[in-house]
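Reading through the structure tokens given below for one structure.
The values are calculated or read from the model by the stated rules, or taken from the named source; none is laboratory data. The structure presented is a predicted model; accordingly, all values stated were derived computationally and were not measured. A quick note on method: Cβ atoms are made from the backbone with ideal geometry, for glycine too, and the neighbour counts reach across all protein chains shown. Just the protein is used for accessible areas: all its heavy atoms, side chains included, with ligands, DNA and RNA removed. Shrake-Rupley method; radii C 1.70, N 1.55, O 1.52, S 1.80 Å.
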Amino acid sequence: MEYRLNQTEERFRREVHDWLVANLPEGWGSEARKAEGDPAGKVRFARWWQRRLFDGGWAGFSWPREYGGRGATPLEQLIFAEEYTRVGAPPMIDIGVGPGLVGPTLIHHGTAAQKARFLRKILTGEEMWCQGFSEPNAGSDLANCRTRAELRGDTFHVTGQKIWTSYARFADWCILVARTDVQAPKHKGLTFLLVDMTSPGIVIRPLVEMTGVAWFNEVFFDDVRVPHDLMVGQLHEGWTIAITTLAHERGGSAPHARLVGEMREVLDLARRLGRGGDGNARQRLAQTWLETEICRLLAWQFVSDLTRTGAPGPQGSYLKLFWSELDMRLKELAIELEGPYAMLERGAPGAIDGGRWQYEYLWSRAASIYAGTSEIQRNIIAQRVLGLPRG
Ligand SMILES: Cc1cc2nc3c(=O)[nH]c(=O)nc-3n(C[C@H](O)[C@H](O)[C@H](O)COP(=O)(O)OP(=O)(O)OC[C@H]3O[C@@H](n4cnc5c(N)ncnc54)[C@H](O)[C@@H]3O)c2cc1C
């Protein structure tokens, strides 16, 4: 494993850096973070920023060139993510479902017509997507999905409920996993559909998270019509397509980049609060800094393996488990450093850094749930990496 960049890679890093520095939106790029906006405002901004990335040739840059990407290697993606965070560019999570999940899924499994219809508008941010997978009784066990899609003639009729659907209120389209054969074993009989979110019969109800913000939604489908040509892959074989989507959701190779940046900000917080002389705080800071460094090395190892083998293996579960649990420890440390000020919520008068760390502490719980919970990652490591018997 080689952790240093060769000359070509270093040139690439420089190119990314220079473009970002020249194109950062106003207010970004310093350690001082922009105030968080309301969800609608953040989504508008994310779409605008996506367009700017597109114009610069950086949108979906891991996609093959024939579909508008740059065919970036896993290492280039890692370099991009590191540089992106280093210069303080805006997070891309708010627009991520389209470029990160839907695009790669359609590139693998979509028809020529679907690719022509959807891919470019994903890259430009013109069309935003949400992911309609989870249901009240189908989360970790996604194959338990009950939302029905009945094929009558050349139209599917969809009835059922999805839950935890991030961005559904803002999305133009939804990738939906629905049951088309109720007799078949649960992994069979599912079909993968592309659903226009303006279709009659769709009702969206926001769900407020413990942060106080409503990104999540419940989405109800009442006899929603979906034309047959918006089916991805074959009838009843949606599980294979969903697995491709999930592999991209779980396969992010550079989660450390954000954590490394946030660790620097937590160190800065400790200095500003005069906690440098506090032995306990110093121990915790040193420990967390070491863990952040371990996370960085795990990410590089993951990318190195991916480059060698061409496919993300179950080892990716180490990385997901490690970074998502570290994320929580890091945010817990930040609010511990604040002492009694940690009780002030975001936006409260006197809150340190506007209460940003309190918000992030609450939000950090999310990563141990989405893209496969920590328990599921441990199951994968136990069974598929360590070869332990099922409990
Ligand atoms: C921030 C965030 C955004 C999300 N966005 C979306 C979205 O846009 N679209 C979407 O479809 N979904 C989304 N989700 C939902 C997410 O995919 C599910 O929450 C996740 O799959 C877990 O499912 P669940 O909530 O039903 O929990 P369950 O699967 O019911 O699990 C409950 C608990 O049991 C544990 N558990 C379950 N099975 C096992 C097992 N076999 N062994 C050991 N322990 C087990 C879990 O680890 C967990 O602790 C989002 C979730 C979060 C937190």
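Tabulated data
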read-out	value
Residue list for region 290-305, filter: open to solvent by 30 Å² or more (accessible area, probe 1.4 Å) and hydrophobic (A, V, I, L, M, F, W, C)	L290, I294, L297, L298
Helices (runs of 4 or more DSSP H) contained in region 1-115 and holding at least 2 residues under 26 Å from V232 (Cα atoms) and modelled with pLDDT of 90 or more	39-55, 103-109
Test: residue in region 335-356 that is surrounded by 19 or more Cβ atoms within 10 Å (Cβ to Cβ), within 15 Å of the ligand (Cβ to nearest atom) and hydrophobic (A, V, I, L, M, F, W, C)	no
Every pair of residues 6+ apart whose Cβ atoms lie under 8 Å, when the first sits in region 110-130 and is on the phi > 0 side of the Ramachandran plot while the second is aromatic (F, W, Y) and open to solvent by 10 Å² or more (accessible area, probe 1.4 Å)	G125/W48; G125/F54
Enumeration of residues in region 270-312 that are of a type in the set (A, V, I, L, M, F, W, C) and in contact with a Ser or Thr (Cβ under 8 Å, 6 or more places away or on another chain)	A299, F302, V303, L306
Those residues of region 209-234 which are open to solvent by 60 Å² or more (accessible area, probe 1.4 Å), part of a loop (DSSP other than H, G, I, E, B) and modelled with pLDDT of 95 or more, in sequence order	Q234
From the options Y361, Y318, residue that is assigned to a helix (DSSP H, G or I), more than 16 Å from the ligand (Cβ to nearest atom) and within 19 Å of the chain's Cα centre (by Cα)	Y318
Answer residue from region 200-215, given it is out of contact with any Asp or Glu (no Cβ under 6 Å at 6 or more places or on another chain) and closer than 25 Å to F156 by Cβ and is farthest from the ligand (Cβ to nearest atom) among those	P200
Hits in region 126-170 (condition: among the basic types (K, R), more than 20 Å from A371 (Cα to Cα) and either away from the ligand (no atom under 16 Å from the Cβ) or surrounded by 23 or more Cβ atoms within 10 Å (Cβ to Cβ) (or both))	R148, R152
Enumeration of residues in region 263-289 that are open to solvent by 70 Å² or more (accessible area, probe 1.4 Å) and either among the basic types (K, R) or within 31 Å of the chain's Cα centre (by Cα) (or both)	R264, R271, R272, R282, R284, Q287, W289
